[in-house]
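A short worksheet on the structure shown next.
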Amino acid sequence: MKTKTAMIAALALAGAGTLALSASAQDRPMLPGGNWAGMLDETDGGHRFGNPEAKTRLVEFMSYTCSHCATFAREGDGAIKLTLVPTGRFSYEIRHLIRDPIDLTATLLTHCGDPKKFGGNHEAIMYRYDEWIEKARKTTQAQRSRWQFGSLSARFQAIASDLDFYDIMETRGYERAEIDQCLTDEAKASALADRSAADAERYGITGTPSFVLDGELLEGTHDWSALEPQLADAL
């Protein structure tokens, strides 16, 4: 029930943030060629919503342990997907700036299984941010020691267990064995961490969320109120 309530609230906030974008988007007809709103592709390091050949391209760099990223997921994510992506003229890609072991664990889980599941996995983790981050704050020293010692796989599994990530993923239809398979993919974890470091260096990113629009970092833009007018101007 809490998850459903959170999602309803998130959709309400997203709807409130679509007004300016809707006005801009309605000035331009949708491009033919596909169901752009339903298009989701895995990229080299992230996932892209919408037309891969879109003229205007936004990349969000986010971290799952970032409270401002959780706020953006509620306020901006839905507005972008509802008003801009369906036109076919705009694509929205989510990439990761890995900050800590919890962040990497959550990232592995959102990438788990079919790439088409990423959108729902991402929302499931973000919409329950307040719940699991509070659990993280209340962990004991014994719990945290399990996050720091042993194999990488064992650490990721300990984090997932302590923060109820298993429960979140099971509500998404994953079996325990499938979740463990994703958490024990150390090659994937290494690749995600390497891509995160490379992207941070390439674009000069120092905080999350950060946004790159058509290849250029939007300096000083870290929330929906700052991003929305720039997107409207770019359309």
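Summary table below
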quantity	calculated
Pairs with Cβ under 7 Å, 6+ apart, first in the stretch 66-89 and more than 11 Å from Ala37 (Cβ to Cβ), second of a type in the set (Ser, Thr, Tyr) and modelled with pLDDT under 95	Ala79/Thr18
Among residues of the stretch 190-205, those that are of a type in the set (Lys, Arg) and more than 17 Å from the chain's Cα centre (by Cα), counted	1
Some residue of the stretch 96-110 being assigned to a strand (DSSP E or B), touching a strand residue (DSSP E or B) at 6+ places or on another chain (Cβ under 7 Å) and in contact (Cβ under 8 Å) with a residue 40 or more places away in the chain	yes
Residue among Thr221, Thr208 that is in a loop (DSSP other than H, G, I, E, B) and within 15 Å of the chain's Cα centre (by Cα)	Thr208
Some residue of the stretch 88-95 being assigned to a loop (DSSP other than H, G, I, E, B), touching a Gly at 6+ places or on another chain (Cβ under 8 Å) and at positive phi	yes
Filter result (touching a residue at least 12 places away in the same chain (Cβ under 8 Å), in a helix (DSSP H, G or I) and of a type outside the set (Ser, Thr, Tyr)) within the stretch 163-180	Phe165, Ile168, Met169, Glu178, Ile179, Asp180
The listed residue being among the β-branched types (Val, Ile, Thr), buried (at least 20 other Cβ atoms within 10 Å of the Cβ) and in contact with a Ser or Thr (Cβ under 7 Å, 6 or more places away or on another chain), out of Ile125, Ile94	Ile125
Residues being polar (S, T, N, Q), free of Cβ contacts under 8 Å to residues at least 40 places away in the same chain and in a helix (DSSP H, G or I) - total across the stretch 182-202	1
In the stretch 132-147, the residues that are in contact (Cβ under 8 Å) with a residue 12 or more places away in the chain and not basic (Lys, Arg)	Trp132, Ile133, Ala136, Thr139, Gln143, Trp147
Any chance Arg99 is of a type in the set (D, E, K, R) and touching a Cys at 6+ places or on another chain (Cβ under 8 Å)	yes
Lone unmet requirement of (1) at pLDDT 95 or above; (2) crowded, with 17+ Cβ neighbours inside 10 Å; (3) of a type in the set (A, V, I, L, M, F, W, C); (4) more than 20 Å from the chain's Cα centre (by Cα) for Leu227	(4)
From Ala177, Ala187, Ala198, Ala193, residue being out of contact with any Phe, Trp or Tyr (no Cβ under 6 Å at 6 or more places or on another chain), over 18 Å from Leu104 (Cβ atoms) and of a type in the set (A, V, I, L, M, F, W, C)	Ala177
Selected residue (criterion: surrounded by the most Cβ atoms within 10 Å (Cβ to Cβ)) from residues of the stretch 129-162 that are among the aromatic types (Phe, Trp, Tyr) and in a helix (DSSP H, G or I)	Phe156
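The values are calculated or read from the model by the stated rules, or taken from the named source; none is laboratory data. If you're wondering where the values come from, they're calculated on a predicted model, not measured in any experiment. Heads up, the Cβs are rebuilt from the backbone with ideal geometry, glycines too, and the neighbour counts pull from every protein chain shown.
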